[in-house]
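Input: a single structure, listed below in structure tokens.
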Amino acid sequence: MAANVYASATVDDAPAGQTGRARVLGGATIDCPDVATRLTSVPERARPEVDKELAALDEQIAQAYRRLGESAEAVRQDPGFADERIVEPLGEERSASLERIVAAIDATGDRPAGLEELADCTVRDSGNASAPPADGRNGGEQDGSGQDDGGQNGEQGQGGNGGQAGNGPVAADYADITGAPAAPAEPERTEDASRGTFTSSCGVNENGLFNSDNVIAAPGVANGAHHFHDYIGNQATNAFSSDDDLAKADTSCEDPGDRSSYYWPVLRLQNGTQEQDAASPGGGIEGNAGEIVTPKEVTLTFVGNPRDEVTAMPRLLRIITGDAKSFVNGPANANASWSCTGFEDRQLKDKYPLCPQGSDVVRTFRFQSCWDGRNIDSANHRTHMAFTAADGSCPSGFRPVPQLVQRIVYDVDAPSLDDGGRTTPLFAVDSFPEQLHKPVTDHGDFINVFDEDLMREMVDCINSGRTCGAGADGGEQPGGEQPGGEEPGGEEPGGEEPGGEQSQEPTAAPENPGDGGDGGDGEGGDGDPGGQPGGGRPENPSEPPATEQPADEEQAPEEPATEEPATREPATEEPAGESGAPGDGGDRPEVRVSPSAEEDTAATGTGADNGDGDNTGDDNTGDGNGAPVDDGTEPQAVTGGLAETGAQLWPAAAGAVLVTAGVVVLRRVRRT
């Protein structure tokens, strides 16, 4: 077993006797059966002990993986070293924990069968082995905090196993979004479908609330997740939060009736930055290293069911979507999707997207939306919830509840894969150390702490086909590709066309998901719905441009319209049609227009960014409604204030005076 796995190991070439440096073992990881998914029934009285031992099993694997990385040289010299010194001791530790789990359940219920068989683990090829850096250095050297030394001198220093922490990601974890498969087709809606949407706006974790706990999967256990989470909504969520703590906590949501907890693994740039957790469990010590990226936008939309009305979620319902261990468990429970703004008709499940310039990374979770009608949680945190079938129906015994569609947008550049991210850093989600930061391990967690009245309002809104919620204003709703056929935006309030925002999307998209105005491109966050804090958009596109003025000069302000601050100008600098990518507003050469065109643009809003901060220019939708943008070649209407009008007309007036004077002089000459 060991020969082909360990031959690719990269070895730390630190001087002899130097300590405190993790040695990277390229191409190998620890693979253990996941016990939690096998425990479908645990008596309530046994759950505290079972949860503690399940967390202990995760800690044992994390420690074994660290020992594996530190023993790279020994493994190269003796392939049997890993089995004798790492795998066998790990199996003994797991056997003891499994015995305690069995005893705890047996004391209060039926003795579970077959758990003892889950003790054995293996070391297997991860597929992460890669060539060393071109300069011959081992870029995977680590200091005691798990951070890459190379990142401190301006180089990313990716190791043979990838990433600055030496356990991923690698180039094979990324794919060009333009070659991604199309999103799955939606099931057809029936007459009884619940077509409305309810949006909650809870910020982007701009206040930096993080921890490496997981109160759902490992309650009462610090660092139960072994990776950092972003938290929005409930501000008291940690491993030790009781239901009462959650109910009384502050919330980052605009509507104080939503104290729900929304959390997911942080996204990091592998750029050598020393974050607050660089020397902590859950952070650098466990291979989660680099700069934490704050999302540009987070959109939380609850949608309906394509076949039936939805019922209220029970208070304190827990849902985990995706599988944090799917790299070794297999993809059966994987559920995150990755895409790019403007390309959300294409989705990746097991790759991070490489987005064109000006396009942002999009990470989407569509949570399970069928509830068993009885339980707010289950022993494996899965069996009380289910996904809809291909036709949108729930399994027998389950009923549809509002489906949470969580869309997270990041302003990160496509990494430079040819040099291991040295020029432009790799990005990846935090993970359990042995899961190697694979995108397929992405997951999201939700605890329903909606006030009951607000939950009833949500259900009524969705079932009646309306668009509601604190984050419902100012833009289209996500959900064009979600399972179950939900299409929020299928009935647009007030006749608003979701395609009106499409000037923000790259024109190079093979198939623009916004074409046709079906609202199904998942671009709900682009308009900063509801004034979401930190939403990344400086203005609300649902409001008219601040510079729009009536054509009647006597009603216009005295100040010339061309005095509008230049902060709006960059969005119109480069037409998207020239580059095949959206104008990013800041990096493009400035394109000057004629004075008359500038005046008309400032006065009417056409050709400007119309408040969305991301106008592509060539799509002729500068006013947000598809109206052509005037290029200044046609005669311009006189607009603006009196001072501006006078400035435009004084040459003609002066000419008229000179002509009159000439006529007078000529007549006098003739008389004489």
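Data table
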item: Of the criteria (1) at pLDDT below 95; (2) surrounded by fewer than 23 Cβ atoms within 10 Å (Cβ to Cβ); (3) not charged (D, E, K, R), which one VAL412 fails; result: (1)
item: Hey, GLY114 at positive phi, surrounded by fewer than 20 Cβ atoms within 10 Å (Cβ to Cβ) and more than 38 Å from the chain's Cα centre (by Cα) or not; result: yes
item: Qualifying residues in region 55-111 (those that are more than 20 Å from ASN329 (Cβ to Cβ) and basic (Lys, Arg)) - the one surrounded by the most Cβ atoms within 10 Å (Cβ to Cβ); result: ARG66
item: Some residue of region 441-463 being part of a loop (DSSP other than H, G, I, E, B), without any contact (Cβ under 8 Å) to a residue 60 or more places away in the chain and farther than 25 Å from HIS226 by Cα; result: no
item: Count - residues of region 355-387 that are farther than 29 Å from TYR410 by Cα and assigned to a loop (DSSP other than H, G, I, E, B); result: 11
item: Some residue of region 302-310 being surrounded by fewer than 20 Cβ atoms within 10 Å (Cβ to Cβ) and in contact (Cβ under 8 Å) with a residue 40 or more places away in the chain; result: yes
item: Total residues in region 35-46, condition open to solvent by 20 Å² or more (accessible area, probe 1.4 Å) and under 23 Å from GLY282 (Cβ atoms); result: 2
item: Region 241-261: number of residues that are of a type outside the set (A, V, I, L, M) and not in a loop (DSSP other than H, G, I, E, B); result: 7
item: Region 244-295, residues that are over 23 Å from GLN60 (Cα atoms), among the small types (Gly, Ala, Ser) and touching an Asp or Glu at 6+ places or on another chain (Cβ under 6 Å); result: GLY257, GLY272
item: Verdict on GLU254 being under 22 Å from ALA312 (Cα atoms), without any contact (Cβ under 8 Å) to a residue 40 or more places away in the chain and open to solvent by 10 Å² or more (accessible area, probe 1.4 Å); result: no
item: Any pair with Cβ under 8 angstrom, 6 or more apart, that starts in region 263-278 at a residue that is in contact (Cβ under 8 Å) with a residue 12 or more places away in the chain and ends at one that is open to solvent by 10 Å² or more (accessible area, probe 1.4 Å) and charged (D, E, K, R); result: ARG268/GLU275; ARG268/GLU291; LEU269/GLU291; ASN271/GLU291; GLY272/GLU155; THR273/GLU291; GLU275/GLU291
item: Residues located in region 321-339, provided they are of a type in the set (Val, Ile, Thr) and open to solvent by 20 Å² or more (accessible area, probe 1.4 Å); result: VAL328
item: Among residues of region 218-246, those that are of a type in the set (Gly, Ala, Ser), open to solvent by less than 30 Å² (accessible area, probe 1.4 Å) and closer than 25 Å to PRO48 by Cβ, counted; result: 5
item: Residue in region 164-172 that is modelled with pLDDT under 90, among the aliphatic types (A, V, I, L, M) and more than 30 Å from PRO402 (Cα to Cα) present; result: yes
item: Close pairs from region 42-69: first without any contact (Cβ under 8 Å) to a residue 40 or more places away in the chain, partner part of a helix (DSSP H, G or I), Cβ under 7 Å, at least 6 apart; result: GLN60/LEU90; GLN60/GLU93; GLN60/ARG94; ARG67/ILE86
item: Qualifying position, being closer than 20 Å to ASP430 by Cβ, touching a residue at least 24 places away in the same chain (Cβ under 8 Å) and not in a strand (DSSP E or B), among GLY163, GLY233, GLY220; result: GLY163
item: Residue ID - farthest from TRP338 (Cα to Cα), chosen from residues in region 257-284 that are surrounded by 23 or more Cβ atoms within 10 Å (Cβ to Cβ) and among the aliphatic types (A, V, I, L, M); result: LEU269
item: Hits in region 79-125 (condition: among the basic types (Lys, Arg) and assigned to a strand (DSSP E or B)); result: ARG124
item: Checklist (1) farther than 28 Å from ALA334 by Cα; (2) touching a helix residue (DSSP H, G or I) at 6+ places or on another chain (Cβ under 9 Å); (3) not acidic (Asp, Glu) applied to SER260, failing item; result: (1)
item: Count - residues of region 175-192 that are of a type in the set (Gly, Ala, Ser) and either farther than 15 Å from LYS351 by Cβ or open to solvent by 60 Å² or more (accessible area, probe 1.4 Å) (or both); result: 3
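Rundown of residues vs (1) part of a loop (DSSP other than H, G, I, E, B); (2) at pLDDT 95 or above; (3) basic (Lys, Arg), yes/no style:
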site: GLN274; (1), (2), (3): yes, no, no
site: VAL310; (1), (2), (3): yes, yes, no
site: ALA332; (1), (2), (3): no, no, no
site: GLY342; (1), (2), (3): yes, yes, no
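The values are calculated or read from the model by the stated rules, or taken from the named source; none is laboratory data. Keep in mind it's a predicted model, so treat the numbers as computed, not measured. Backbone-built Cβ (ideal geometry, glycine too); neighbour counts: all protein chains shown. Please note that ligands, DNA and RNA were not included when accessible areas were found on the heavy atoms of the full protein model with its side chains. Shrake-Rupley method; radii C 1.70, N 1.55, O 1.52, S 1.80 Å.
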